[in-house]
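The values are calculated or read from the model by the stated rules, or taken from the named source; none is laboratory data. Just so it is clear, the model here is predicted, and its values are computed rather than measured. Cβ coordinates were reconstructed from backbone atoms using ideal geometry, including for glycine residues, and neighbour counts include every protein chain displayed. Quick note on the areas: whole protein, heavy atoms, side chains included, nothing else; ligands and nucleic acids left out. Shrake-Rupley method; radii C 1.70, N 1.55, O 1.52, S 1.80 Å.
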Amino acid sequence: MCGIIGYVGSRNACEVIVRALERLEYRGYDSAGIAVVNEKLEVSKVVGRVEKLKSRKFEGTIGVGHTRWSTHGKPSIENAHPHVSCDGKIAVVHNGIIENYLELKEELKTHSFKSETDTEVIAHLIEENYSGNLKEAVLKAIKKLVGAYALCVVHESKPDEIIAVRSGSPLALGIGVGENFVASDVSAFIEHTKKTVYLNERELAVVKKNGVELFDSEGKKKQLAIVEVNWDLEQAQKSGFKHFMLKEIFEQPRTVEETSKIKINAELKADKIFITACGTASYAGLVGKYVIERLARVPTEWVLASEFRYSNPIVGRKDLLVVISQSGETADTLAALRLAKEKGARTLAIVNVVDSTIAREADDVVYTRAGLEIGVASTKAFTSQLVALYKIAEKMSGKKMDLSGIPKAIEKILAKDKEITEIARKYFKVYNFLFLGRDVNYPIALEGALKMKEISYIHAEGYAAGEMKHGPIALVTDEVPTVAIAVNDEVKTKIISNIQEIKARNGKIIAIATEGDTEIKKHANEVIYVPKTDALLTPLLTVIPLQLLAYHTAELRECDIDKPRNLAKSVTVE
Ligand code: AGP
């Protein structure tokens, strides 16, 4: 997820664009750049935050800008946007992922490329198709693109127009007086104008200072549908959601779909696999253990990184250590990685932040495509980690994991947000929660309990449901609700027995069940249904209601959801 901006008007484009990029930094900030047309095309790029661009004082009243969240290629000046054509006259900023960029690069081998990015291909493709009409050149170029894109394009010889086009990534026009904007979202220009046009799929806009023309992908003119947004800046950055966490929960259909497109190029042969991480990432790893052993039949040991690093583990050169980390900077996980390398093991990192320390030190890295995760409580990164682990298990075993239906299934669950809010309203005053699961949903019980603890501050325990009889059932009273994951799988009858044992002691049950299961209603006080899917894939679905339950419980308790007390987004100390 990156932030892009285009401006054309009468003001200094550099100042307007840099300020707009600062408003877009919540979308990513590992590098930034700006291109302004002032007779010549002038480009400046920096690694790090947008503020480093402030020293660039270009003249000119038209330009484009970009703040990057890397998905291809490390944060560097070469990889930062804007990317320019060979002749240096066309500048492109892009948000999205071009899946076929390597094939296109092959077709454009007469062009000289300076970066490792997918985006640079677009600048050369437009150049290849340019013969004086920028809009036509862009329309021809996008026909060859496979993947998601939101683009702003300027040409040195067209100092009055920006071409903007989208497919799969958002773009909004800001309609001003004697000036116009185009950006990833309204937060970039809301301080200048609240009049906006949300571009629809494959629409193209020709943005000039005194007007905007809208076209479809065939170049046919369309009417502008101008709306007035009534958000303030902060709401705009959260796309209208109350918290970044809720926004990120609702981004999961897209981030799961994006991550499901990754290719696993790592070396996976091993006599034994170790999976290690911390917190939420560790629970993703525990799902990975179950799935890899079920599909690939390779012995897989799951261990918390903070334990692994001091346990003098029996790991060696025939073993593979998989480390999982959203930030790629967690101290315990990094220490576990280094220890395994010292002992000769091969290492594979599943990481969300490109070029982070763990990503750089592992032998192989698989990048999730969750985009920037701002909420301290990890949600979209977690489901992206699960997708990466399913893809790894698929590659190891040669058995296909069909993830194609998952994004729609998640959307169906997200549509139950109000229903889940009402359930939270019944239980948000309790002091304790139990979360129970079995098999691949045991880690989801652990994750659900962690989400509840870390944002609502209610004590919550995740347990393997079969363990209840060995002590925890002593905790059950009518004031200790139990969330039980009871989807249609091989162990469902077992968890129903656990639920009955709890009901017999007046415990309240919130069941997560499979659509169509009416039987469960006899055993549970509340039922949240998830769509039917392959039993091994159910964690991608069962975690969603638990994220929403924790979120609404915390909201009702007026907790600081995006920045919970005592917590940090990345724990870089022991
Ligand atoms: C998750 O909601 C927590 N914020 C925390 O457990 C987190 O998952 C853990 O600190 C690991 O972080 P990492 O994925 O960046 O390594």
Calculate the length of the line joining the C-alpha centroid of the stretch 407-465 to that of the stretch 33-53, in whole Å. 46 Å
Solvent-accessible area per residue for the stretch 352-412 at a 1.4 Å probe radius, Å²? 32 Å²
The size of the Cβ-based charge dipole (Lys, Arg +1; Asp, Glu -1) of the chain about the Cα centre, to the nearest 20 debye, is 440 debye
Measuring from a point 7 Å past the Cα of Arg317 along Cα-to-C-beta, which residues in the stretch 343-373 have an amide N at less than 18 Å? 343-348, 363-364
Note down the relative contact order for the stretch 287-347 as a percent, whole number, built from C-alpha pairs under 8 angstrom at least six residues apart. 35 percent
Suppose only helical runs count, i.e. DSSP H with n ≥ 4. What mean residue ellipticity at 222 nm does that imply for the chain under -39500 (n - 2.57) per run, divided by all residues and rounded to the nearest 500 deg cm²/dmol? -9500 deg cm²/dmol
Mean separation of Cα pairs under 8 Å and 6+ residues apart, divided by the residue count of the chain: what relative contact order is that in percent? 11 percent
Once Rh for the stretch 341-432 is found with the Kirkwood sum over Cα pairs, what is the Stokes-Einstein diffusion coefficient at 10 °C and 1.306 mPa s, in µm²/s? 97 µm²/s
Computed E for Phe241/Arg202 - FRET, C-beta separation, R0 22 angstrom, nearest 0.05: 0.25
Within the stretch 14-108, list the trypsin sites (Lys or Arg not before Pro) lying in a DSSP loop whose Cβ has at most 11 other Cβ atoms in a 10 Å radius. Lys57
What FRET efficiency do you get for Arg425 and Trp231 if R0 is 22 Å and r is their Cβ-Cβ distance, rounded to the nearest 0.05? 0.25
Suppose each label sits 7 Å from its Cα in the direction of the beta carbon; what would the Glu103-Ala504 distance come out to in nanometres? 6.1 nm
Å³ per residue enclosed by the Cα convex hull of the chain: 153 Å³
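As an exercise, identify the trypsin sites (Lys or Arg not before Pro) in the stretch 118-175 lying in DSSP coil whose Cβ has no more than 14 other Cβ atoms within 10 Å.
Here the trypsin sites (Lys or Arg not before Pro) that fit, given the DSSP loop and packing criteria, are Lys143.
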If the chain between Asn525 and Tyr310 were fully stretched, how many nm would it gain, using 0.36 nm times the residue separation less the Cα-Cα distance? 73.0 nm
Given a 1.4 Å probe, how much area per residue of the stretch 51-135 is accessible, in Å²? 40 Å²
Could you give the Stokes-Einstein D for the stretch 367-494 in µm² per second, using the C-alpha Kirkwood radius, 4 °C, 1.567 mPa s? 78 µm²/s
Figure the gain on full extension for Lys261 and Ser55 (residue separation times 0.36 nm, minus the Cα-Cα span) and round it to one decimal in nm. 70.3 nm
With r defined as the distance between the Cβ atoms of Glu574 and Lys144 and R0 fixed at 45 Å, what FRET efficiency is calculated, to the nearest 0.05? 0.35
Rounded to a whole number, what % of the accessible area of the chain do carbon and sulfur atoms account for, probe 1.4 Å? 49 percent
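Of the GluC sites (Glu not before Pro) in the stretch 179-250, which ones lie in a loop per DSSP and count no more than 15 other C-beta atoms within 10 Å?
On the way: sites: Glu179, Glu191, Glu201, Glu203, Glu213, Glu218, Glu228, Glu234, Glu248; in loops: Glu179, Glu191, Glu201, Glu203, Glu218.
Taking the stretch 179-250 and a limit of 15 other Cβ atoms within 10 Å, the loop GluC sites (Glu not before Pro) found are Glu191, Glu201, Glu218.
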